[in-house]
1. Which residues, counting only those in segment 197-216, are crowded, with 17+ Cβ neighbours inside 10 Å and of a type in the set (D, E, K, R)?
2. Which of the following residues is part of a helix (DSSP H, G or I), of a type in the set (A, V, I, L, M) and more than 16 Å from Val256 (Cβ to Cβ): Val306, Val319?
3. Do any residues in segment 66-91 that are under 18 Å from Glu54 (Cβ atoms) and not assigned by TED's automatic domain parsing to the domain that holds Gly24 have Cβ atoms under 7 Å from those of residues that are surrounded by 12 or more Cβ atoms within 10 Å (Cβ to Cβ) and among the aromatic types (Phe, Trp, Tyr), where the two are at least six apart or on different chains, and which pairs are they?
4. Is it fair to say Val207 is touching a residue at least 60 places away in the same chain (Cβ under 8 Å), more than 25 Å from Asp282 (Cα to Cα) and among the β-branched types (Val, Ile, Thr)?
5. Those residues that are touching an Asp or Glu at 6+ places or on another chain (Cβ under 8 Å) and assigned to a loop (DSSP other than H, G, I, E, B), I need them from segment 192-216; list them, please.
6. In segment 268-302, which residue that is in a strand (DSSP E or B) and not aromatic (Phe, Trp, Tyr) is modelled with the highest pLDDT?
7. Which of the residues spanning segment 17-32 are closer than 11 Å to Phe114 by Cβ and in a loop (DSSP other than H, G, I, E, B)?
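The values are calculated or read from the model by the stated rules, or taken from the named source; none is laboratory data. What you are looking at is a predicted structure, and each value in this text was computed from that prediction instead of being measured. Methodologically, a virtual Cβ is constructed for each residue, glycine included, from the backbone with ideal geometry; neighbour enumeration extends over all protein chains shown.
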Amino acid sequence: MYNIDKQLFASFIENTTDGIFVIGYDGTIRMDNSVASEILGLEDDLLYGKTMVELITRDERNDQFFECIIESVYNKQKVSKVTPFQRGDKKLYLRLVVSPLRDRLEDIAAVVMFSDITELVILADKNHNLNERLLKVLNNFVTTMIDAVDTRSPYNATHTKKMVKYATAYIEYLEKKGENLPENEKINIVSSVWLHDLGKLVIPLEVLDKPSRLADKEEDVFHRIEVAILCERIRILENPDEGDEAREKIKKLEEVSEFIKKINVAGFIDDETIEKVKEIADIQCIDSKGEIKPLLNDYEREALMVQKGTLTDDERKIVQSHVVHTYEMLKKMEFEGDFAEIPEWAGMHHEYLDGTGYPNGIKGDEIPWQVRFITIIDVYDALTADDRPYKPPMTPEKAFGILRSMCDEGKLDRDILEDFIASEAWK
């Protein structure tokens, strides 16, 4: 029975496609197959009967391969590794597995199995190099695009760069807590932050960086008031009997001018102020042609009644469209594989958990945690930014108060917000 088992085992190892030899614990090879000799470059010299010492001394360049075998034999433990092997002038990579061979309860030898995976290793190296080059292209693309945004709108570029610092610091914080993210996920988060405002490249700059409610229309309004005041002064000279009425009109226009100057740059105006804008909008003024016209046109009236910020409803919609442009621009880049999430994550950063965000009004579990985080740092930096021409910066504490109230409203993820605050990545 023993001879039959031995013959079956010998037949098995001879017909397998892997190189195999059996080595006793005295270091002598007791059994081998022709594939083993072929892979190791010993076709004309059988392995059978040789010792490990003889094989090691043949070529010192292959010490790593044989040391793995010796280590396994000595410790009577399984070893599984990929090792280089020099066969003449050719460098191979061998998948090596050494396992104890047991006879009932006793280890009697070690089975050494190895296969040539050189082509797979070379292919893996090529793929790795390709990924490295692709990542370099991605980084260069990101840098180029943000430089373009920087040149066009310094406010937005500062915002993006600070968000990248927050994101990078938060990822480091997660790793310190033992919450290690896959490398591609870290790249996707940071790249999405870099690119989240890319669509602002196609937003008209006069809207994107609008510094006040009237912006470039401010000069028209004040010129109109100046002309109206001048016409009233002429009226005093030409019609002294109308002097009191004209002087009253001049006083009113001067007060209106100061009022408009004040609210034009105010961060917030109340309902009473809005009602006053409605009143002054219809004040009749004489223009340079002698025609009677209302003090404010429809756009100027709407702009001065903006309660918070500087944008009218139409202008706000134009700015909000940047997320759609961001998504469409990045989608055309055909991000695939490890980078497939970048267009979606970058294009979703204005969506809220309660569905009141834009552009698609998605909510809840439809929004990945990575996007929820990006949304939080986007709002945080918008609140604390000190380089916005249309508003003063908030302290971090006040900003966190607003973010927490947004959590109360169901818009933001409270767990992520509190973790971000605890991380001190915002510092």
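1. Asp197, Lys200, Asp209, Lys210, Arg213
2. Working: Val306 fails: part of a helix (DSSP H, G or I).
After applying the criteria, what remains is Val319.
3. none
4. Yes.
5. His196, Lys210, Ser212, Leu214
6. Pro294
7. Asp18
Results for (1) loosely packed, with under 13 Cβ neighbours inside 10 Å; (2) at pLDDT 95 or above, shown as yes or no for each residue.
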{"site": "Glu232", "(1), (2)": "no, no"}
{"site": "Leu237", "(1), (2)": "yes, no"}
{"site": "Lys249", "(1), (2)": "no, no"}
{"site": "Glu258", "(1), (2)": "yes, yes"}
